Amino acid sequence: MKPLNEMKVSFLSRSSNEAFARATVAAFVAQLDPTVDELCDIKTAVSEAVTNCIVHAYRDTIGMIYITCRLFENGSINVRIRDCGCGIQNIEQAMQPLFTTQEGERAGLGFAVMQSFMDQLHVTSKPGKGTTVTMKKTMERRPEKHG
Amino acid sequence: MGVRLILKDGVLTAVLSGEIDHHSAREIRGEIDETASRIKPKKLILDFSAVQFMDSSGIGLIMGRCKLMQMWGGQVEIVRLPSKIEKIVSLAGLDQLCTVRRGTEFEAAQ
């Protein structure tokens, strides 16, 4: 399926960019006329993925985060968030709710949130090379507005 | 993003506003903990009425404050939860850890 529209954005893994990333994706996805709830779900999932890049992939360092977002005619979106950081040794374990490698106050819910707020979540990773998170969601079609 | 602290009758209320993510959680945590560890209130109320966005960093923030308050037997209450934040709070099962009052429940109890 050919996308209706596509955008790419890349930025440094600074925590101040978490808000920038989710707002940018939300502004682009707005073209599909999503509901407030759908937009909130997407913003939350993007925020989780980008925070993972900052907190885990580029822990103690700064690197680039790449986002590609595609919109399709059937009202679905595809968001890919990629980093060239440390990678994940054990994806299955990383995706377990409440699992976290970090000390302090990470709830360990990042992947669980992405999974339940989006329709599909796919994670690929190579230790030492980086991680790519791909998420899909289809907006519910609403009746066309008239007038 | 911001936090306003109100102390009344041994109850510390933190009125949170704006967007809570990993970036902003650090500052909010610092401000609450500085006052809470000094005062050791019997109850900490986190008021979410003016929060526009929250991801799982906010869940970590709440869980951390519960842990802190437990050190002196204090309680945490989450109040005036906007509907858009309810989803992530119920996903995390926070009602197992502290009292959660939805949007209008808190006003009714006052």
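Quick notes on this one:
- Restricted to the range A:23-123, the set of helices (runs of 4 or more DSSP H) holding at least 1 residues that are of a type in the set (Asp, Glu) and buried (at least 21 other Cβ atoms within 10 Å of the Cβ) comprises A:36-52.
- Residue satisfying all of: in the range B:81-99; under 18 Å from residue B:43 (Cβ atoms) and buried (at least 20 other Cβ atoms within 10 Å of the Cβ); modelled with the highest pLDDT among these: B:81
- Of residues in the range B:23-35 being within 12 Å of the chain's Cα centre (by Cα) and open to solvent by less than 50 Å² (accessible area, probe 1.4 Å), the one nearest to residue A:55 (Cα to Cα): B:25
- Residue selected from the range A:72-101 under the condition among the hydroxyl-bearing types (Ser, Thr, Tyr) and under 20 Å from residue A:54 (Cβ atoms), by the criterion farthest from the chain's Cα centre (by Cα): A:101
- Residue that is farthest from residue A:53 (Cα to Cα) [pool: residues in the range B:43-80 that are touching a strand residue (DSSP E or B) at 6+ places or on another chain (Cβ under 7 Å), away from chain A (no Cβ under 14 Å) and open to solvent by 60 Å² or more (accessible area, probe 1.4 Å)]: B:75
- Residue, farthest from the other protein chains (Cβ to nearest Cβ), within the range A:1-22, restricted to residues that are of a type in the set (A, V, I, L, M) and in a helix (DSSP H, G or I): A:21
- Count of the range B:2-22 residues which are buried (at least 17 other Cβ atoms within 10 Å of the Cβ) and farther than 20 Å from residue A:45 by Cα: 6
- Under the condition of being of a type in the set (Ser, Thr, Tyr), more than 11 Å from chain A (Cβ to nearest Cβ) and more than 12 Å from the chain's Cα centre (by Cα), the residues counted in the range B:81-104 number 1.
- Checked against (1) within 14 Å of chain A (Cβ to nearest Cβ); (2) at pLDDT 95 or above, residue B:34 meets all criteria but (1).
- Qualifying positions in the range A:86-122 - out of contact with any Ser or Thr (no Cβ under 7 Å at 6 or more places or on another chain) and more than 13 Å from chain B (Cβ to nearest Cβ): A:86, A:89, A:90, A:92, A:93, A:94, A:95, A:96, A:101, A:120, A:121
The values are calculated or read from the model by the stated rules, or taken from the named source; none is laboratory data. No experiment lies behind these values; they were computed from the predicted model shown. Positions of Cβ are backbone-derived with ideal geometry, glycine not excepted, and every protein chain shown enters the neighbour counts. All accessible areas refer to the heavy atoms of the entire protein, side chains included, with ligands and DNA or RNA removed. Shrake-Rupley method; radii C 1.70, N 1.55, O 1.52, S 1.80 Å.
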